Amino acid sequence: MIKRLYPLLGGLFLSATAMAQSSNDALLYSPNQPHGTARTQALGGAGIGLGGDYSSAHLNPAGIAIFKTGEFHISAGVGISQFTSNYLGNGQLDNKGNRSNFQMPSIGVIMATNKNSGSSTWNNITFSLGMERLANYNNKMAIAGRNNQTSLSDAWVDDFFDQSVSDATLGLGFDLGYYTGMIHKHANAPGDTSIISQASPLRPGGGLPGIQQRGTIETEGGLNEYSFAIGGNYGDRLYIGASLNLPSINYKETLNWSEDDASSDKNNGFAYFDYTKRLKRTGLGFGAKLGILYKVSDHFRLGGTFATPTWYSIHDSYTAEFHSDIENNQGEVSAYSVDLAQGFPTENDYHYTAPLRAGAGASYFFGNLAEPKTTQGFITADYEYVNQSSGKFKYNNGKAATGVNDNISAIYKATSNIRAGAEVRFQAMYAVRLGFAAYGNPYTNDAYNAGIDASRKVYSGGLGFRNKGFYADLTYSYTQGDDRYQPYTIYQAAGQPNLSPKAATLAYNRSNILLTIGFKF
């Protein structure tokens, strides 16, 4: 049976406790799209075996050692994302979300000390300092469908009393539902202090024939990585580099969820509820990268990079509000989380360790490289490995978040990412670029993932102009892929039917238009 019918055990726990971390959050800190300057993104994000662009500091820091002069650049652009969902059989109504935003994906400076030019000496040491946006969180998705089995409020009650679930959600939704009377004691018999929700289709004493569920999830912000890198050039053949990286999380999420009685019965104890939860997340991390780049010949380069795990310290702040009508002649009743917590948001501090990453790349240059004004160019490709299942949360008191970490291990797996691009340059001034990237599916075949293949494909192209210490690059990229969203989970005893709603399937696409301008000195 659903565990929401546990006894009250001496009174309701009403404090607004910290919200638990979710295994869904793990991918927020693991970039799965190209990032960097317009030039790099036009090449599908490839650059491990290329160098000579500021983005090398965030891909393979050895690549900045190719610079022998200073450079400053800044990038800006617009991103447009769209989600289309299918939830509980509905793929037509209230199922589209669109979001556009201005972005500054890259800014940085290169400083080079060009001292020698021999084949068996350190010719220059190069430094870089700057920022790249590794992930863009500006999205909106919407789902809607008729549910004949459960309500979101079932999950609140379920988690609240399932003390065996180490990552149980305790607080916001349950407290607000209780204060509005939608969640209450069930007392059909003397001494019965079970907890039920009026919105549940399966509530004892006569449930609902079904409820209409609608949800929108709006997110904004990004994951910005601030990096200091140093690279060395030995004999214009061997380049080595290292970087210290401080990724900064700025993430906001607003969930609007509503449930309505799908019948025309005005006296069955439930009309509707509207629930809004707002999350503000900030965090700072620390990590490092090591890289090597080698010119096998003037036409062929090989590179490799290793990124340590990134250690994050994260702070969450929640507020929520709830409005419901349970047809008890009181009309709509409202409750606000700040009123239950002496005017403060619900807050939580914890740690997360993002997986290490390793990659290799190669580039082939064609044309007469000794004559810059002739037509020439290159083809470059990267391979990257990341084990998404190795991410780990830890509570602020030092204890392991065993339940969440077990879920991460179960629903994620190692992935391989491939990025490739090509550039053709004319008269040393004009360039045309094309790129492609394929990011592997991070999900296992676990039933929780609804069989979704969440791999992503990115198609990109761009133009470049360089003349007398000034350059400008313009890029367009298009990302497409599928994903899933599980609005809530119901825990059941062994042998009971699956009462969790099937995850919503999501079709995703994103367009980015990006301009980078730079100055050499």
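The values are calculated or read from the model by the stated rules, or taken from the named source; none is laboratory data. As the structure is a computational prediction, the values presented were derived from the model and not from experiment. Every residue, glycine among them, receives a Cβ derived from its backbone with ideal geometry; neighbour counts consider all protein chains shown.
A single entry from D159, D154, D175 fulfils the requirement of being out of contact with any strand residue (DSSP E or B) (no Cβ under 7 Å at 6 or more places or on another chain), surrounded by 20 or more Cβ atoms within 10 Å (Cβ to Cβ), in a helix (DSSP H, G or I) and at pLDDT 70 or above: D175. Looking only at segment 49-65, decide whether some residue is touching a Leu at 6+ places or on another chain (Cβ under 8 Å), under 30 Å from S409 (Cα atoms), assigned to a strand (DSSP E or B) and not small (G, A, S). Within segment 49-65, none of the residues are touching a Leu at 6+ places or on another chain (Cβ under 8 Å), under 30 Å from S409 (Cα atoms), assigned to a strand (DSSP E or B) and not small (G, A, S). Of the listed requirements (1) outside any strand (DSSP E or B); (2) under 19 Å from I249 (Cα atoms); (3) not β-branched (V, I, T), K140 misses just one: (1).
Here's the yes/no breakdown for (1) surrounded by 16 or more Cβ atoms within 10 Å (Cβ to Cβ); (2) over 24 Å from I64 (Cα atoms); (3) in contact with a helix residue (DSSP H, G or I) (Cβ under 9 Å, 6 or more places away or on another chain):
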| site | (1), (2), (3) |
| --- | --- |
| I80 | no, yes, no |
| Y87 | yes, yes, no |
| F102 | no, yes, no |
| I107 | yes, no, no |
| S117 | no, no, no |
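Taking segment 224-239 as the search range and keeping residues that are among the small types (G, A, S) and in a strand (DSSP E or B), which one is surrounded by the fewest Cβ atoms within 10 Å (Cβ to Cβ)? Going through the qualifying residues, I end up with G232.
One residue stands out among those in segment 419-435 that are crowded, with 17+ Cβ neighbours inside 10 Å and of a type outside the set (A, V, I, L, M): the one that is farthest from D483 (Cα to Cα), which is R425. Only a single item in (1) within 22 Å of F393 (Cα to Cα); (2) buried (at least 18 other Cβ atoms within 10 Å of the Cβ) is not met by E259, and it is number (1). Quick check on G304: is it surrounded by fewer than 21 Cβ atoms within 10 Å (Cβ to Cβ) and at positive phi? So G304 does not fit the description; no.
Taking the residues in segment 245-271 that are hydroxyl-bearing (S, T, Y) and at pLDDT below 95 as candidates, determine which candidate is farthest from G36 (Cα to Cα). Out of the qualifying residues, it is S264. Only one entry of A144, A187, A242 meets the criterion of being surrounded by fewer than 22 Cβ atoms within 10 Å (Cβ to Cβ) and at pLDDT below 90, and that entry is A187. The residues of segment 203-239 that are among the small types (G, A, S), at pLDDT below 95 and in contact with a Pro (Cβ under 8 Å, 6 or more places away or on another chain), listed by number, are G207, G210.
Would you point out the residue of segment 407-439, among those that are of a type in the set (D, E, K, R) and in a strand (DSSP E or B), that is nearest to K457 (Cα to Cα)? Among them, the one singled out is R419. Evaluation of K252 against the conditions (1) crowded, with 18+ Cβ neighbours inside 10 Å; (2) within 21 Å of the chain's Cα centre (by Cα); (3) not acidic (D, E) shows that the sole unmet condition is (1). Across segment 398-409, not a single residue is classified as at pLDDT 95 or above, closer than 30 Å to N24 by Cα and of a type in the set (D, E).
Filtered by the rule that a residue be in contact (Cβ under 8 Å) with a residue 12 or more places away in the chain, assigned to a strand (DSSP E or B) and β-branched (V, I, T), segment 294-317 gives T305, T310, I314. In segment 82-92 there is no residue that is among the β-branched types (V, I, T) and at pLDDT below 95. Checking the stated criteria, A76 turns out to be touching a Leu at 6+ places or on another chain (Cβ under 7 Å), modelled with pLDDT of 95 or more and farther than 25 Å from I125 by Cα. Taking the options I490, I517, I452, name whichever one is crowded, with 16+ Cβ neighbours inside 10 Å and in contact with a helix residue (DSSP H, G or I) (Cβ under 7 Å, 6 or more places away or on another chain). Exactly one of I490, I517, I452 is crowded, with 16+ Cβ neighbours inside 10 Å and in contact with a helix residue (DSSP H, G or I) (Cβ under 7 Å, 6 or more places away or on another chain), namely I490.
Each row is one residue, and each column tells you yes or no for (1) in contact (Cβ under 8 Å) with a residue 12 or more places away in the chain; (2) touching a helix residue (DSSP H, G or I) at 6+ places or on another chain (Cβ under 8 Å); (3) buried (at least 17 other Cβ atoms within 10 Å of the Cβ).
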| position | (1), (2), (3) |
| --- | --- |
| A335 | yes, yes, yes |
| F344 | no, yes, no |
| P355 | yes, yes, yes |
| A362 | yes, no, yes |
| L369 | yes, no, no |
| N417 | yes, no, yes |
| A437 | yes, no, yes |
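Kindly indicate whether any position in segment 321-331 is more than 30 Å from L172 (Cβ to Cβ), touching a strand residue (DSSP E or B) at 6+ places or on another chain (Cβ under 8 Å) and not in a strand (DSSP E or B). For segment 321-331, residues more than 30 Å from L172 (Cβ to Cβ), touching a strand residue (DSSP E or B) at 6+ places or on another chain (Cβ under 8 Å) and not in a strand (DSSP E or B): absent.
Looking only at residues of segment 370-383 that are within 34 Å of the chain's Cα centre (by Cα) and of a type in the set (A, V, I, L, M), we find that the one that is farthest from G464 (Cα to Cα) is A381. All but one of (1) hydrophobic (A, V, I, L, M, F, W, C); (2) under 28 Å from A38 (Cβ atoms); (3) over 19 Å from the mean Cα position of the chain (by Cα); (4) surrounded by 18 or more Cβ atoms within 10 Å (Cβ to Cβ) hold for V386; which doesn't? The number of the failed condition is (3). Condition first: in a loop (DSSP other than H, G, I, E, B) and of a type outside the set (S, T, N, Q). Now tell me which residues in segment 264-293 satisfy that. Passing the criteria: D265, K266, G269, F270, A271. Against the conditions (1) polar (S, T, N, Q); (2) farther than 30 Å from G145 by Cα; (3) part of a loop (DSSP other than H, G, I, E, B), where does S200 fall short? Just the number, please. Against the list (1) polar (S, T, N, Q); (2) farther than 30 Å from G145 by Cα; (3) part of a loop (DSSP other than H, G, I, E, B), S200 comes up short only on (2).
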